[in-house]
Structure formats: C-alpha cells, structure tokens
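Peer 1: One structure is given below, represented as structure tokens, and several questions about it will come after.
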C-alpha cells in the first residue's frame, strides 16, 4: 500500500486566543461560558484542535461534547488516553471557572483519570460532564465523567485547582 492510499488530512482553524483570554478576564466565569455557548466569544484553540464543543453550562457545571475520530487514535486503534484526559481536564476546570468572578483565574494542580473502557469511532458522540465538588477562596475540586449517548461510562476523574481571586476580593 502506498502512502497516498492511506494518507488523510485535517485542516484546523481557530480564532485569535488573545480575544478569548481578554473576554475571560473581564467577565464572570458563568457569563463568559454562556457567551461562548451563544457564539459571542470565540472558543479557545484547544477546542478546535481536539474537536470538542460545549453543549450546556450552569453554575458549577459544564458539558462538553466530542465525537471520537481517527485522528484521536493511538497506535493500537483506540482513542488515546490523553484525549480523554484533556477533555476531562477541560470540563472539570471550566466547571470551576463558572464560579469565578470577573478577574478571577485558576490553574490545575492535579488530575486523576480512570479509564473504564476503550473509546473507538464506533462509540459515537460523547458527553464530558464537569461538576464542582468544593469551591474555596484558594482551592477548588471537581469531578468529571465521560459518557456515551446511552450513559455508559468510558472514563472519569477528579481535579484540584488553585484559585486566584481578583485583587478586589482580598
């Protein structure tokens, strides 16, 4: 088989991430994600790269969606665990972000992921649900679940995030 018979291509486009970062710093977290969901704020480049979108958002909760594709595969023909970890990290941390005031920020300190079953293109669309467990002034924890359309669990995890409050909150 020649390379031309097996080669595939994918074009990825995204918008200036600086625009998204400015909006995120000037809006409360829940307002920011509602604006993203409404298409009023550009999605961050990671969403285009990994091909995931947002399905819903509320205070302390966010749901991202993705459909597994060949470009997510590892050498054995299943979705690479890093893809599941990335969308879980995003959902859990963004759930924390929904609870932040304008000017607040966060960073992931640690994540723990459990892989339950292989993900292939046959699995179909997945929902990644992130929910805050605890929200403190300096530390937050959240959990995430990656489930298929039938509610079957494929991976789950937890995170601890460091929270940075705006100077006006001290």
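The values are calculated or read from the model by the stated rules, or taken from the named source; none is laboratory data. Remember, it's a predicted structure, so these values are computed and weren't measured experimentally. Note: ideal-geometry Cβ built from the backbone for every residue, glycine included; neighbour counts use all protein chains shown.
Peer 1: Can you pull out every residue in the range 130-149 that is under 18 Å from the mean Cα position of the chain (by Cα) and within 16 Å of residue 99 (Cβ to Cβ)?
Peer 2: Listed by number, the residues that qualify are 130, 131, 132, 133, 140, 141, 142, 143, 144.
Peer 1: Can you name the residue in the range 18-40 that is in contact with a helix residue (DSSP H, G or I) (Cβ under 6 Å, 6 or more places away or on another chain) and at pLDDT 95 or above and is also farthest from residue 104 (Cα to Cα) among such residues?
Peer 2: Applying the filter and picking the extreme gives 32.
Peer 1: Among 106, 71, which is in contact with a helix residue (DSSP H, G or I) (Cβ under 6 Å, 6 or more places away or on another chain) and not in a loop (DSSP other than H, G, I, E, B)?
Peer 2: 106
Peer 1: Now for a separate question. Is one or more of the residues making up the range 1-18 surrounded by 16 or more Cβ atoms within 10 Å (Cβ to Cβ) and part of a helix (DSSP H, G or I)?
Peer 2: no
Peer 1: What is the residue count in the range 120-163 for residues that are touching a residue at least 40 places away in the same chain (Cβ under 8 Å) and surrounded by fewer than 16 Cβ atoms within 10 Å (Cβ to Cβ)?
Peer 2: Summing the residues that are touching a residue at least 40 places away in the same chain (Cβ under 8 Å) and surrounded by fewer than 16 Cβ atoms within 10 Å (Cβ to Cβ) in the range 120-163 gives 5.
Peer 1: Further question on the same structure: Checking the structure you have, find out if any residue of the range 76-92 is without any contact (Cβ under 8 Å) to a residue 24 or more places away in the chain and part of a strand (DSSP E or B).
Peer 2: no
Peer 1: Check 112, 99 and return the single one that is in contact with a strand residue (DSSP E or B) (Cβ under 6 Å, 6 or more places away or on another chain) and either assigned to a loop (DSSP other than H, G, I, E, B) or at pLDDT below 95 (or both).
Peer 2: 99
Peer 1: Right, residue 159: over 20 Å from residue 65 (Cβ atoms) and part of a strand (DSSP E or B) or not?
Peer 2: no
Peer 1: I've got another one for you. Out of everything in the range 74-85 that is in contact with a helix residue (DSSP H, G or I) (Cβ under 8 Å, 6 or more places away or on another chain) and surrounded by fewer than 20 Cβ atoms within 10 Å (Cβ to Cβ), what residue ends up being nearest to residue 16 (Cα to Cα)?
Peer 2: Among those residues, the one meeting the criterion is 80.
So that you can scan it fast, the table gives a plain yes or no per residue for (1) under 14 Å from the mean Cα position of the chain (by Cα); (2) at negative phi:
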site: 100; (1), (2): no, yes
site: 104; (1), (2): no, yes
site: 116; (1), (2): no, yes
site: 123; (1), (2): no, yes
site: 151; (1), (2): no, no
site: 157; (1), (2): yes, yes
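Peer 1: Being touching a strand residue (DSSP E or B) at 6+ places or on another chain (Cβ under 7 Å) and in a strand (DSSP E or B) is the filter; apply it to the range 57-68 and report the residue that is surrounded by the fewest Cβ atoms within 10 Å (Cβ to Cβ).
Peer 2: Per the stated criteria, the residue is 65.
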